[in-house]
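A short write-up of the structure that comes next.
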Amino acid sequence: AELIDETFLPVMPSVSLVLLPDKKLSYKANIAKHVRYPSLNDLYWTPGGNPTLEPEQGWMEELGVVYQTKLFSAEVTAFNSYIKNWILWSPTNKGYWSPQNIKEVNNYGFETFFKYDLKIKSDIKLRLTGNYTLTKSINNKVTSESDSSLDIQLIYVSIHNASGGLFFSYKKWMIGGNTNFTSDRFINSDNTTYLPYYHLVNVFVAKNFELKNHNISAKFQLNNITNVEYYVIAYRPMPPTNFMFTLSYNFAPSEK
């Protein structure tokens, strides 16, 4: 049990079901109670925290199917939830963001994922991945008739998101790239102004080095290679083409 502000969180039941008709195919279903209390940042961040926030409460459901073989796997999952007092951070006319409760939000959609592995030779491997998510987050109830946000998409929630990746590995080397697509996102509550979609492409090269019983991995990544001008938050441009180098040391013994 969890105790917050001298109050125990309510019981949050959940039920999950998995059916396995054969070795390759499976079905899954889940329903769960959702309760989320405001975080300390939600309540007291300066400036913008809102100490009058109410906890989110509602129900969440999922239904999916999974297909898996030795080389290929794919999954499709549909989701739906009705959440009361949804906590949403949004910009204010004072120049900073602040969270507010939305009376009721219906969040629904589906997500897909696939992965394909191909062993070309004993030391040459290829992996192809992809996923797509459709998300509708709709404001179902408002506190006044003049509120124009009824029955439309919440701000900064993109309806379409997709990504894919292609990776080659040869012995200790790996080279690959990935692409990400994010659709338009509305930035005001009546859905009249939006940030345009953007599509990013990144590439990398990496190598693992063995050092006695440990290993070191080095990775060089080039981001946004097409130099796309894009915004995640309005009026805050994201970096153009940029690079990142990472070096990590694993103290655990390497697997043989």
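Each of Pro10, Ala29, Gln57 was placed along the dipole of segment 5-157 (beta-carbon charges, centred on the mean Cα), and the one lying farthest toward the positive end is Ala29. Averaging 1/r over each pair of different alpha-carbon atoms in segment 105-220 and inverting the result gives 17.5 Å, the Kirkwood hydrodynamic radius. Taking label points 7 Å from Cα along the Cα-to-Cβ direction, Tyr197 and Asp147 give a separation of 3.1 nm.
Computed with a 1.4 Å probe on the full set of protein chains, the accessible area for Met60 sits at about 90 Å². Scattering from the chain was approximated by placing one identical point on each alpha carbon and applying the Debye formula without solvent; log10 I(q)/I(0) at 0.10 1/Å stands at -0.76.
Going by a ≥ b ≥ c, the root eigenvalues of the Cα gyration tensor, does segment 6-111 fall in the rounded group (a/c under 1.5), the prolate group (a/b larger than b/c) or the oblate group? Judged from the Cα gyration tensor, segment 6-111 comes out prolate (a/c at least 1.5, a/b above b/c). Here r is the Cβ-Cβ distance between Met60 and Phe181 and R0 is 22 Å; the resulting FRET efficiency, rounded to 0.05, is 0.25. Pull out a ≥ b ≥ c, the square roots of the eigenvalues of the alpha-carbon gyration tensor of segment 70-123, then state rounded if a/c is under 1.5, prolate if not and a/b is larger than b/c, and oblate in the remaining case. Oblate is the answer for segment 70-123, as a/c is 1.5 or above yet b/c matches or exceeds a/b. Mean separation of Cα pairs under 8 Å and 6 or more residues apart, divided by the residue count, gives segment 103-142 a relative contact order of 57 percent.
The charge dipole of the chain, taken about its Cα centre with unit charges on the Cβ of Lys, Arg, Asp and Glu (plus for the first two, minus for the last two), comes to roughly 1560 debye.
Modelled spin labels at Ala234 and Ser248, positioned 7 Å past Cα toward Cβ, are 3.7 nm from each other.
Backbone amide hydrogens, once placed in the peptide plane, bring Trp45 within less than 5 Å of Asn50, excluding anything fewer than 5 places away on its chain.
I want to make sure I understand the PRE zone here: with the label point 7 angstrom from the Cα of Val76 toward its beta carbon, which residues in segment 4-47 have backbone N atoms less than 15 Å away? Hits in segment 4-47 for Val76 at 15 Å: 25-28.
When the chain is treated as a GNM with alpha-carbon contacts under 10 Å, the residue of Glu54, Glu111, Glu210 showing the greatest mean-square fluctuation is Glu210. Each Lys and Arg Cβ is given +1 and each Asp and Glu Cβ -1; about its Cα centre, segment 10-104 then shows a dipole of about 200 debye.
Per residue, the solvent-accessible area of the chain (1.4 Å probe, heavy atoms of protein chains only, all protein chains present) comes to 66 Å². Computed from phi, the 3J(HN,Hα) profile of segment 23-38 under the Karplus parametrisation 6.51, -1.76, 1.60 (θ = phi - 60°) reads 6, 9, 10, 8, 10, 9, 9, 8, 9, 8, 6, 10, 9, 9, 7, x Hz, with x in place of Gly and Pro. Using a Gaussian network model of the chain in which every pair of alpha carbons under 10 angstrom is joined by a spring, one finds that among Ser14, Ser98, Ser122 the greatest mean-square fluctuation is at Ser122.
Per atom type, segment 73-180 shows carbon and sulfur on 58% of its accessible surface, probed at 1.4 Å. FRET efficiency for the pair Ile159 and Val11, taken as 1/(1 + (r/R0)^6) with r the Cβ-Cβ distance and R0 = 30 Å, rounds to 0.30.
Spin-label pair Leu40-Gln100: with each label point 7 Å from Cα along the Cα-Cβ axis, the two points sit 2.7 nm from one another. Please compute the Kirkwood hydrodynamic radius over segment 1-66, one decimal place, Å, based on all pairs of different Cα atoms. Radius from the Kirkwood sum: 14.8 Å. Remark: relative contact order (the chain) = 9 percent; criterion is Cα-Cα distance under 8 angstrom and separation of 6 or more residues. Within segment 175-194, name every residue whose backbone N is under 16 Å away from a label modeled 7 Å from Cα of Thr112 along the Cβ vector. Only 181 pass the distance filter. Can you classify segment 160-219 as rounded, prolate or oblate using the Cα gyration tensor, where a ≥ b ≥ c are the square roots of its eigenvalues, rounded means a/c under 1.5, and otherwise it's prolate if a/b beats b/c and oblate if not? Prolate shape, in that a/c is at least 1.5 and a/b is the bigger ratio. Computed over segment 63-167, relative contact order equals 22 percent, with contacts defined as Cα pairs under 8 Å that lie 6+ residues apart. Given in Å, the Rg to one decimal and the Dmax to the nearest whole number for the Cα atoms of segment 133-182 are 19.8, 64.
The values are calculated or read from the model by the stated rules, or taken from the named source; none is laboratory data. Source: prediction; values computed, not measured. Every residue, glycine as well, gets a Cβ built from its backbone with ideal geometry; the counts of neighbours run over all protein chains shown. Just the protein is used for accessible areas: all its heavy atoms, side chains included, with ligands, DNA and RNA removed. Shrake-Rupley method; radii C 1.70, N 1.55, O 1.52, S 1.80 Å.
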